[in-house]
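Heads up, the thing below is written out as structure tokens.
The values are calculated or read from the model by the stated rules, or taken from the named source; none is laboratory data. Note that this is a predicted model, so its numbers are computed, not measured. Here the Cβ is made from the backbone with ideal geometry for all residues, glycine too, and neighbour counts use every protein chain on show.
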Amino acid sequence: MLIELPTWGLVAGNIGGWLVLQFGLAWMILRLPARWFDRRPGKLSARRETRFYEQFLRVKTWKHRLPDAAPWFRGGFAKRELKAADDDYVRRFILETRRAELCHWLALGGVFLFLIWNPWYAWLGNVVYAVLGNLPCIVAQRYNRSRLGRLATRLVQPAAARDTRRARRN
């Protein structure tokens, strides 16, 4: 602890610190180029990954309770529900889940800043907050991405099949 604060200062510093950290990160990450988040899915099958999140983490029972702060920012992409089932929208949704996941990972790592003004026992309380406030959001983004990846595959396959049939006819 580099700065010693009274109890009210600790409380105010922690609340204000988390607000600035999380909203500041969200604002900054929203301004990063979309191409930084546009990549192919990993090797783990989307079906197995989705099953893991549903069966072991029971994500479907609690993810609807998580806040979605993206609409609070100009240019933010709401991820509470799927609003369209076309390929471009689904790919953008997947991209935005990566953006949101990065924001929550960085916020989780930002807990070390709170060592500046918190004694170790108060800092541990901030660690608990950081984990409980960000890990569920990370899990929800990964779950949504695994489900959306499967949907994107289904959207692309029929188009590819149509193109193949057209090519055979010509």
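Pairs linking a residue in the range 70-88 that is farther than 19 Å from Leu30 by Cβ to a residue that is among the β-branched types (Val, Ile, Thr) and assigned to a helix (DSSP H, G or I), with Cβ atoms under 7 Å and 6 or more positions apart or on different chains, are Asp87/Val156. When the range 90-119 is filtered for residues that are aromatic (Phe, Trp, Tyr) and either within 23 Å of Phe73 (Cβ to Cβ) or touching a residue at least 60 places away in the same chain (Cβ under 8 Å) (or both), the ones remaining, listed by number, are Phe93, Trp105, Phe114, Trp117. Between Leu124, Leu106, the distinction of being within 30 Å of Ile3 (Cα to Cα), modelled with pLDDT of 95 or more and touching a Leu at 6+ places or on another chain (Cβ under 8 Å) belongs to Leu106 only. Does Ala26 meet the test of being surrounded by 10 or more Cβ atoms within 10 Å (Cβ to Cβ), among the hydrophobic types (A, V, I, L, M, F, W, C) and in a loop (DSSP other than H, G, I, E, B)? Judged against the criteria, Ala26 is not a match.
In the range 1-22, the residues that are in contact (Cβ under 8 Å) with a residue 24 or more places away in the chain and surrounded by 10 or more Cβ atoms within 10 Å (Cβ to Cβ) reach residues that are part of a helix (DSSP H, G or I) and of a type in the set (Gly, Ala, Ser) with C-beta atoms within less than 7 angstrom, at least six apart or across chains, in these pairs: Leu5/Gly13; Leu10/Ala122; Leu21/Ala107; Leu21/Gly110; Gln22/Ala107. Selection of the range 45-69 for residues being closer than 18 Å to Arg147 by Cβ, in contact with a helix residue (DSSP H, G or I) (Cβ under 8 Å, 6 or more places away or on another chain) and small (Gly, Ala, Ser) yields only Ala46. Looking only at residues of the range 109-139 that are of a type in the set (A, V, I, L, M, F, W, C) and within 12 Å of the chain's Cα centre (by Cα), we find that the one that is farthest from Gly9 (Cα to Cα) is Val139.
Out of curiosity, is Thr164 within 21 Å of Val59 (Cβ to Cβ) and at pLDDT below 95? No.
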